[in-house]
1. Given points 7 Å out from each Cα along the Cα-Cβ axis, report the residue 47 to residue 95 separation in nanometres with one decimal.
2. Per the Debye formula with a single identical scatterer at each Cα and no solvent contribution, what log10 I(q)/I(0) holds for the stretch 9-100 at q = 0.15 Å⁻¹?
3. For the stretch 103-108, just list the computed ³J(HN,Hα) in residue order, Karplus coefficients 6.51, -1.76 and 1.60, θ = phi - 60°, integers in Hz, with x standing in for Gly and Pro.
4. Can you compute the modelled spin-label distance between residue 62 and residue 20, with each label point 7 Å from Cα toward Cβ, in nm?
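Laboratory data are not the source of any read-out in this text; all were calculated from the coordinates shown. Predicted, not measured: the structure shown is a model, and the values here were computed from it. Glycine gets a Cβ as well: all are built from the backbone with ideal geometry, and neighbour counts include every protein chain shown.
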Amino acid sequence: FLSMPDYIFVGVGIKKNLAKLEKLYGIGCRNAVELGPLAATLMIDPRLSYCGVDELAFQVDRLDLQVHRPVTAVYDYACSPLSKELAKLATVNVYSYYKIGSKLLRRH
């Protein structure tokens with residue numbers, strides 16, 4: 001489903017992560033869009049190209065999700081089982097990407 005033309009996958013650092021996914025597991029995705037540059041282009045604000053997910057969520061959709069983001073989450077994805085903090089971080093990130101991407105793509 002990652003290569004289906006009707007789906008667009010958005011994120012912050014998504015192209016780098018997808019390149020790693022393809023290199024390690026042979027799984028490719030053609031429809032990936034970086035949210036920072038997309039926001040910068042559509043909102044005519046070049047500094048948005050360099051913002052992280054929390055700043056983009058606030059600038060694009062007035063979402064303040066920092067209170068839901070665990071500060072102490074360790075980014076060891078090889079660790080099994082995943083910690084609750086890491087699962088919460090992933091959930092908040094994916095929700096943020098969805099909200100930002102949906103809002104921006106509706107403008108397009």
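1. Modelled inter-label distance: 2.8 nm.
2. Treating every Cα as an identical point scatterer, log10 I(q)/I(0) equals -0.65.
3. 5, 5, 5, 5, 5, 6
4. Modelled inter-label distance: 3.5 nm.
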